[in-house]
Amino acid sequence: MTSVLLVYFVMAAAISVLAIKEDRLQKSFIWQGNSGEDGSRKVLLELQDLTIKFGGVTALNAVNLKIYQGEILALIGPNGAGKTTVFNVVTGVYRATSGQVLLNNQSLSGMKRHHITKIGIARTFQNIRLFGDMTALENVITATDVHKGSGLLGGLFGTPRARREEKAGRAKAHEILEFIGIDEYSDRLARNLPYGVQRRLEIARALGTNPQLILLDEPAAGFNPAEKVELAKTITRIRDAGYTVLLIEHDMSLIMGISDRVAVLDFGQKVADDLPSVVQNDKRVVEAYLGVPADAS
Amino acid sequence: MKLEKTKTVSEGNLRDWGASYWEKSSPTKRKAIATSLIGLAALAPFMGFGLLDTPVSDYGAVLVYPVGMFILMALGLNIVVGKSGLLDLGYVAFFAIGAYTMAILGTRTSLNTWQIMPIGIALAMLAGLILGLPALRLRGDYLAIVTLGFGEIVRISALNTREIGGPNGIANVPVPPSIGPIKFSLNDQKAFFWVVLIMILLTIWMIRRLSVRRAGRAWEAIRQDEDVAELMGVHTLKYKLWSFSIGAAVGGAAGVLYASKTLFIAPEMFTLNVSILILACVVFGGMGNIWGVVLGASILAYLPERIRFISDARLLVFGLALVITMNFRPDGLLPRKKREKAIVKSAVGDKK
């Protein structure tokens, strides 16, 4: 008799715990709702309690962040806030101390970097890191290679599949360069390209891996206002083509103009995550950027 | 933008000139050039007179070893060092493995050189994998030191294993059986030279083929920025292992032929010096460029034999020539591609 009661008790406890969890999920669901119509959207990438420590320094502290399919999410914050660290954890460059990253509910922990790229995450670099001795086209083809089935031996013996894939990769790369608007540079060596073209080539190369999510690390760095406007159009077109964009940027007008949501990091913690207009007026965000007024503390 | 393209004409670089000439030529012209070059190379054993002759050494023998062998090995090492940017200082190990495979199987079984060749290549590739799996997790100088150690391990193991002759080596390695009317003998080494030439051509074909395909791009990406290559989806360890084992295969093939040619091998033939000399061929000729490597290896192999009459001073002269050349051409005699395809395209366009 007592054992039956015990079973009931355990079951009841389990149900209530689940219900509470469900409730919390529901809440966050509703909360996300205030950032637009994304209540119905699919979560593409999720950071769960992501913490990363380098020795005594906590670069990221329990960061939770969801990126929905098909949106542009801007990640902003003062220098050293941990924005690039987020990119490095997502792409597998750093290992999280605790917490995890989920892509389509699949954990990326322990996954090899090239495998993460293969399942759909690509990035650009804050300091341009193209393959300088390759042409622009070859840079992009190298990225498209990730989805090819034929390897070294196929290439050596020129199997029909290898030839077909080689041709398809070349066509795809041209298509991407065209899309980004730099196809006229396709046969130029990457290191001889003008700065602005190099930055855009970085984006093209990332698109070459056919990602679900593309991470752009300060793509507008060093751009003049006209180039920034052009870039904003490009990023919007990338989103409209079905890619999801996670963007690190310092240029506020660019961010406020194109992002669907803005997340703010400060000292490794997320301090805000909302519509651009809401974030702009968030007290903690203003404090993160400008400091706390002397009389307020 | 179109204007800008046509303006960037090559800077009179010999390599660029050759490449644009090649790309501007029609397929028939290309075939003619290739055939005549191969024909010229095949006739090399008959050109041992006048200035080309080597006064002290036998010209025919010099063409096979060191010239032919060095070109072959330098091409193999070029895949590892030039294409993928992995500094390998123990390349002689693969050469030794090929040579010992030939010597052991040749003296103890009834297999002939052509049958042993694939076994030697396979064993060298296997050695490349065994060395590569742990070593390729390292980069740069650390990789160089591990590979250097590997080269020495192979040599010292051979030195200390009595079953394979120890310091005495293995004698009476059989020469290859004749192919039709072509006989292999020590007195007339033309046949050996032609075999080496065929192996060189096969290697060049392989490298050219791979360079424009996925593997070549992967190697190139790894050489330029390994981290980025990996983040762009290149399976870096896999392609580095491929690079290592293909390089090893070429070295192993050279080793098999070498043992079959010299009839006698001993551990002292496979010292670190050989690795370094082959590496010098690659760097001197132009890392990553096939024709640079071929030229570099021919010069570095041939020159010491040509000036052998000044005996002891020859290494000094040789070293001096090396230093001077590297000062004037730090990227090698024929550096890797610096030009852009667009130049050629527009040049063709102008002609029409």
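The values are calculated or read from the model by the stated rules, or taken from the named source; none is laboratory data. Bear in mind the structure is a predicted one, so any value in this text is a computation, not a measurement. Cβ: placed from backbone, ideal geometry, glycine included. Neighbour counts: every protein chain shown.
When A:ALA294, A:ALA232, A:ALA272, A:ALA241 are screened for being outside the structural domain of A:ILE72 (by TED's automatic domain parsing) and surrounded by 14 or more Cβ atoms within 10 Å (Cβ to Cβ), only A:ALA232 passes.
Restricting attention to segment A:244-259, the residues that are acidic (Asp, Glu) and either surrounded by 22 or more Cβ atoms within 10 Å (Cβ to Cβ) or in a strand (DSSP E or B) (or both) add up to 1.
Against the condition over 19 Å from B:PHE270 (Cβ atoms), surrounded by 12 or more Cβ atoms within 10 Å (Cβ to Cβ) and at pLDDT 95 or above, how does B:LEU123 come out, does it pass? Taking the combined requirement at face value, the residue does not satisfy it. Pairs meeting the criteria (first residue in segment A:274-293 and hydroxyl-bearing (Ser, Thr, Tyr), second residue assigned to a helix (DSSP H, G or I), beta carbons under 9 Å, at least 6 apart or on different chains) are A:SER277/A:MET256.
Does B:ASP88 fit the bill of being surrounded by 13 or more Cβ atoms within 10 Å (Cβ to Cβ), more than 19 Å from B:GLU305 (Cβ to Cβ) and at pLDDT below 80? So B:ASP88 fails the test. Restricting attention to segment A:126-148 and to residues that are more than 20 Å from A:GLY169 (Cβ to Cβ) and at the interface with chain B (Cβ under 7 Å from one of its Cβ atoms), the residue that is surrounded by the most Cβ atoms within 10 Å (Cβ to Cβ) turns out to be A:ARG129. A count restricted to segment B:64-85 and to residues that are farther than 21 Å from B:LEU333 by Cα and at pLDDT 90 or above stands at 1. For the residues A:GLU165, A:GLU184, the requirement of being among the acidic types (Asp, Glu), buried (at least 21 other Cβ atoms within 10 Å of the Cβ) and not assigned by TED's automatic domain parsing to the domain that holds A:GLY257 singles out A:GLU165.
Might you check whether a residue that is exposed (fewer than 15 other Cβ atoms within 10 Å of the Cβ), small (Gly, Ala, Ser) and over 22 Å from B:ALA280 (Cβ atoms) occurs anywhere in segment B:50-64? For segment B:50-64, residues exposed (fewer than 15 other Cβ atoms within 10 Å of the Cβ), small (Gly, Ala, Ser) and over 22 Å from B:ALA280 (Cβ atoms): present.
For B:LEU126, the requirement of being under 16 Å from the mean Cα position of the chain (by Cα) and either among the aliphatic types (A, V, I, L, M) or not in a helix (DSSP H, G or I) (or both) is not met. Whether any residue in segment A:105-118 is within 10 Å of chain B (Cβ to nearest Cβ), touching a His at 6+ places or on another chain (Cβ under 6 Å) and assigned to a helix (DSSP H, G or I) is what I want to check. Within segment A:105-118, one or more residues are within 10 Å of chain B (Cβ to nearest Cβ), touching a His at 6+ places or on another chain (Cβ under 6 Å) and assigned to a helix (DSSP H, G or I). Exactly one residue out of A:VAL278, A:VAL262 is assigned by TED's automatic domain parsing to the domain that holds A:THR84 and assigned to a strand (DSSP E or B): that is A:VAL262. Does B:MET206 count as under 28 Å from B:GLU163 (Cα atoms), surrounded by fewer than 21 Cβ atoms within 10 Å (Cβ to Cβ) and touching a helix residue (DSSP H, G or I) at 6+ places or on another chain (Cβ under 8 Å)? For B:MET206, the condition - under 28 Å from B:GLU163 (Cα atoms), surrounded by fewer than 21 Cβ atoms within 10 Å (Cβ to Cβ) and touching a helix residue (DSSP H, G or I) at 6+ places or on another chain (Cβ under 8 Å) - is not met.
Scanning segment A:279-291 for residues being surrounded by fewer than 18 Cβ atoms within 10 Å (Cβ to Cβ) and within 19 Å of A:ALA81 (Cβ to Cβ) gives a total of 9. In the condition set (1) farther than 17 Å from A:THR144 by Cβ; (2) surrounded by 15 or more Cβ atoms within 10 Å (Cβ to Cβ); (3) touching a residue at least 40 places away in the same chain (Cβ under 8 Å), A:ARG191 is compliant with all but (2). Against the numbered list (1) crowded, with 19+ Cβ neighbours inside 10 Å; (2) of a type in the set (Phe, Trp, Tyr); (3) assigned to a loop (DSSP other than H, G, I, E, B); (4) more than 8 Å from chain B (Cβ to nearest Cβ), A:TYR94 comes up short only at (1). Being without any contact (Cβ under 8 Å) to a residue 24 or more places away in the chain and in contact with a helix residue (DSSP H, G or I) (Cβ under 8 Å, 6 or more places away or on another chain) is a description that applies to B:ALA229.
Listed by position, the helices (runs of 4 or more DSSP H) contained in segment B:169-275 that have at least 3 residues being away from every other protein chain (no Cβ under 14 Å) and farther than 16 Å from B:LYS83 by Cα are B:190-211, B:236-262.
Return the residue satisfying two criteria in turn: it lies in segment B:288-330 and is outside any helix (DSSP H, G or I) and at negative phi, and of such residues it is nearest to the chain's Cα centre (by Cα). Applying the filter and picking the extreme gives B:ASN289. Here A:ASP187 fulfils each of the conditions (1) under 18 Å from A:LEU130 (Cα atoms); (2) in a helix (DSSP H, G or I) apart from (2).
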